[in-house]
Structures are given as C-alpha cells and as structure tokens.
1. With respect to PHE90, determine if the residue is within 15 Å of ligand 1 (Cβ to nearest atom), out of contact with any Phe, Trp or Tyr (no Cβ under 6 Å at 6 or more places or on another chain) and either touching a residue at least 12 places away in the same chain (Cβ under 8 Å) or of a type in the set (Asp, Glu) (or both).
2. Scan (1) within 16 Å of ligand 2 (Cβ to nearest atom); (2) touching a Phe, Trp or Tyr at 6+ places or on another chain (Cβ under 6 Å); (3) open to solvent by less than 10 Å² (accessible area, probe 1.4 Å) for the single condition TYR82 breaks and write down its number.
3. Which pairs do you get when a residue that is part of a helix (DSSP H, G or I), found in region 467-483, comes within reach of a residue that is among the aliphatic types (A, V, I, L, M), reach meaning Cβ atoms under 6 angstrom, with the pair 6+ apart or on two chains?
4. When you scan region 148-161, how many residues do you find that are of a type outside the set (Lys, Arg) and either part of a strand (DSSP E or B) or surrounded by 24 or more Cβ atoms within 10 Å (Cβ to Cβ) (or both)?
5. Determine which member of the set THR164, THR123 is buried (at least 24 other Cβ atoms within 10 Å of the Cβ), of a type in the set (S, T, N, Q) and away from ligand 2 (no atom under 16 Å from the Cβ).
6. Counting just the residues of region 29-44 that are open to solvent by 70 Å² or more (accessible area, probe 1.4 Å) and aliphatic (A, V, I, L, M), which one comes out nearest to ASP73 (Cα to Cα)?
7. Working carefully through the options ALA488, ALA459, ALA393, ALA423, find the one that is under 25 Å from GLY251 (Cα atoms), free of Cβ contacts under 8 Å to residues at least 24 places away in the same chain, open to solvent by 20 Å² or more (accessible area, probe 1.4 Å) and out of contact with any helix residue (DSSP H, G or I) (no Cβ under 7 Å at 6 or more places or on another chain).
8. Residue check: is ILE144 over 17 Å from ALA47 (Cα atoms) and in contact with a Cys (Cβ under 8 Å, 6 or more places away or on another chain)?
Amino acid sequence: MNHPASAPAIGFLFDNSYARDLPGFYAAWKPEAVPAPVLLYLNQALADELALDLSTYDEAALAALFAGNRLPDGATPIAQAYAGHQFGQFSPQLGDGRALLIGEVIDRHGRRRDLAFKGSGRTPFSRRGDGKAAVGPMLREVLIGEAMHALGIPTTRALAVVGTGEQIRRERPLPGANLTRVAASHIRVGTFEFFARGAIEEVRLLADYTIARHDPALAGTANRYLAFLRAVTERQAALVAQWMLVGFIHGVMNTDNMSIAGETIDFGPCAFMEAYHPRTVFSSIDEQGRYAYRNQPAVAQWNLARLAETLLPLLADEQQEAVALATGVIDGFPERYRQHWLAGVRAKLGIPAGDAAADLALAEDWLGLLQQDKVDFTLAWRRLADAAEGRLAPLQALFTDHLALDAWLQRWQVRRAGDDEKAHAAAMRGANPWIIPRNHRVEEAVDAASDGDLAPFLALLAALQRPFEENPALARFAEPAPAAFTAAYQTFCGT
Ligand code: AMP
Ligand code: MG
C-alpha cells in the first residue's frame, strides 16, 4: 500500500505522509462523484495560507475540485481507521464513514496541514450511514470554525463547501454538500484506541508518526511516549480552558472527536452558552448531560485516560510501573487545566496574577452572580470592561441583584491592574469577545442557506471575523437570543 511521492501538482503541493508512512492504517478510497456541484463557499484567506494556487481554476472547476469530482494531482484519498468511546461506550470500529483525507500540504508557516472531505460518500467504515452531509450543517461548521479561529482558539477550519445537487435523506430531504476541512491532523484519541487492540508495534508506529508530526522535539528522546502523553494532555488542558472562557460547548466529546493535535474538531452539535449556567447542554442526544458545559474538563481528562491506556505497553516493561507513570500525567490534568483557566480568567477580569485561591474565588463568585441572575455570559464580561472605564450602568442593567453586584465590584476594584482606565478597559475587551456565533443567528443563516439564500450566512461570517471589535453596524449579531429560543434550542450531530 505504499504510495509513490506525489508528482508536482497544479496548485497543490501534496506530501501525503499518513498514506505513505502508515500503510494498513486506512483504506484507499475514492469520493463519490456528485451530479451538479456548485461552489457555496471558498475560504480564500485560508487557501492563501496553505499556499494553494487556485488561479487556474474557474468557478466550475473549483466546484468540481471541492466536490471530489476532479481530484487535484497528487491526492491520495484515504478513509482513516479509528475507534472511539461514544458516551462512555467503546465502539471498536468507527473510522471515516463519510470523510476522506485527500492529502497533506505544507502551509506558508511550514506547518503540515491535512485536507479532508466530509460528505464525500460511503466508505468501508460507513456502517449504516449514507456517507453524505447536508448544506446546513456544513455551513454551520464553517461559521463555528471561523469564529473559533477569530477568537484565537485552535480549531479545524473549512476551506470550501460545495452543494452537490443531490437531495439527501434525513428527517426530511435536504440539499447535500461536501466540505473540505483543514486540520493539523486527523489523528484522534480514537485512532490510538483502534490500533491498541492489535499488535503493540502498530501503536508504536502510530505514536512515532504522531510524535514526529506534532511533537518533533520529543522524537528519539528517552521516555518519549510518556512525554508525548504529557504534551497531548497539556494541549487539551489549554484548549478546554479556552472553550470554557468563551462559553463554548462542544456537544459530543467522544474520544473519536478529540484531536491529538489539540484542535477543536467534529463540533457538529456544538453551541455557545447564552445565559450562564454550568449545566447548559444543547445536544438532543445528550440526555444525561455528559457533555454539558461544566463537565468538559472532566470529560477531557477521562478521554486522555483512554489515550494513556493505549500507550501503556510503550511506557514501561512492567505493567505496574507503566500504570503509575500514566496515572501521574492524567492525575495532573486538573491542575494544568486550572492554570490555563486561571490565566485566561485573570485576563478577562483584567487583574494581574495574585494569590491563586483568592483570584479563583473572585472569578467563581462573579460566575455565581451571573448564574443567579441568568445573565448573558458574553455580554456580562464585555460590560465589565465598560465598568473598568467607570461606565457602570450597562453592566448594572444586566442584573437584578444590585447589592450583590456592588459588593463583588468592590472586591474587583481592589484587584484591578494599572491606573490608566482606558488602556485597562481596552485590554479587557481584547480578552472578552463582543461577538460570538449566537445560536439564533447561526440557525437563521444556515436555514436561509439551505433554502438557497446565502446572504445571511455571509453577513454572519463577516461579523464573526472580528469578535473583539465593537461595531454598531453589527449590533444585531451581538444581541443574545430571546430566552424562549434558547430554552427550546436543540442541536443534532451526524446530520
Ligand atoms: P460523529 O459523532 O459525527 O463524529 O461521527 C461518529 C461516526 O459516525 C464516525 O465514524 C463517522 O464517520 C460516522 N458517521 C457520521 N455520519 C455518517 C454518515 N452520514 N454516513 C456514514 N458515517 C457517518
Ligand atoms: Mg467524529
């Protein structure tokens, strides 16, 4: 299954290391041709970053390209094998059921990036699925990925979306789409789980490949697998802290949806919190609230423990020693998470590093106030920045319990950094977005796009590009959803 190094390609300089170096870890496969491809979205800035030269493609050629009807030279499309714990239950064989990795390119910063299709038809891993995706959810993935990126949070991103001209069968017929996704890699915790069931040499091969790709400084060092586990743990601690600080709820944190590279990935049913409540959950299938907002750090740690289990034979000859080493890393997760969250929350509060316990208490008491008064999470932080400039009224207007708010504000004033109020407020605004992808706006945009009107999608996408800048012309995107909308709001995955 060795693939020859790719020939010089028109516009795409592929170097497909996964297909080349990991034979047997995937099925070589082809996208299904689609009847009438129409380009719905192209992320030109991302194409530039990836050094993709699309100048020779006209619109029809781009549509054929990103539909999978005409693959670029040098592509080696493969369906990657992986397993995963879904809602705590182990599924030994998942894999790319509706996705294909088409190749890797080196971007302008020298970083290796995967290009993958989502919605490109059935594969050997499709089980009962049709291998397809719908326009709405794929454009939703564009919006959320670009929003996360603009917020400075590591994430997979969409390069293109093509309408396929097919109707796909869901609860009702929906227009089909194929999305081209860009990722640091598509190696998941579940990828390790898949190969951990076989020979230990397979896990070693995968681990060495992954280390070379994501943690090259560790390659060849003693105890590199333990250091690798620590590095993955660190990335997840940092990532989930960033999610929590913007109110992002991934929605389906199964181990197959956790990237070893530490990017946000497979956020199908994700949603942003509106009024603050730690138990917030939107996913229709998450009946127990396993992946509710407040559970995300603990779930990340649980998932990392599943990764650690796959690495045990590589950590030490003695099982007991391997378990002790792995446990040391996994047990360290809550503290690593706390450090990242604390650093982030200090920036949001606009306070310098001080006594950790006192700063945590200040932050948690603030969140307690938000919860008690059902205050919009995003707006509250933003108006706290106004308060830093002495404009208290907009903040007070969000609360009913003014006594409690004033008492907290007095504690906060004592801890605030610097005496230049304007600079202080500006710094806080840089840590507290004004615009997040509000659920009602996302649904509105995605529904219109499914009916053929892309204007609301494009308007929302533009608004999400500069989340920290307040622009009165974009005020409708900063407004919370009506409470009744949020109360009834449900998201779906695999759609
Ligand atoms: P998800 O929870 O959406 O990340 O997907 C879990 C698993 O289901 C993965 O193996 C996917 O490839 C597979 N899957 C999801 N939707 C489909 C579909 N429409 N057809 C085939 N496989 C799918
Ligand atoms: Mg997935």
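The values are calculated or read from the model by the stated rules, or taken from the named source; none is laboratory data. As the structure is a computational prediction, the values presented were derived from the model and not from experiment. Here Cβ is always computed from backbone atoms with ideal geometry, including for glycine, and neighbour counts include all displayed protein chains. The area values use the complete protein model at the heavy-atom level, side chains included, leaving out ligands, DNA and RNA. Shrake-Rupley method; radii C 1.70, N 1.55, O 1.52, S 1.80 Å.
1. For PHE90, the condition - within 15 Å of ligand 1 (Cβ to nearest atom), out of contact with any Phe, Trp or Tyr (no Cβ under 6 Å at 6 or more places or on another chain) and either touching a residue at least 12 places away in the same chain (Cβ under 8 Å) or of a type in the set (Asp, Glu) (or both) - is met.
2. Evaluating TYR82 over (1) within 16 Å of ligand 2 (Cβ to nearest atom); (2) touching a Phe, Trp or Tyr at 6+ places or on another chain (Cβ under 6 Å); (3) open to solvent by less than 10 Å² (accessible area, probe 1.4 Å) leaves (3) as the failure.
3. LEU474/ALA463; PHE477/ILE435; PHE477/ALA463; ALA478/ILE435
4. 7
5. The match here is THR164.
6. ALA33
7. Step by step, each of ALA488, ALA459, ALA393, ALA423 is checked, and only ALA488 is under 25 Å from GLY251 (Cα atoms), free of Cβ contacts under 8 Å to residues at least 24 places away in the same chain, open to solvent by 20 Å² or more (accessible area, probe 1.4 Å) and out of contact with any helix residue (DSSP H, G or I) (no Cβ under 7 Å at 6 or more places or on another chain).
8. Considered against the rule, which asks whether it is over 17 Å from ALA47 (Cα atoms) and in contact with a Cys (Cβ under 8 Å, 6 or more places away or on another chain), ILE144 comes out as yes.
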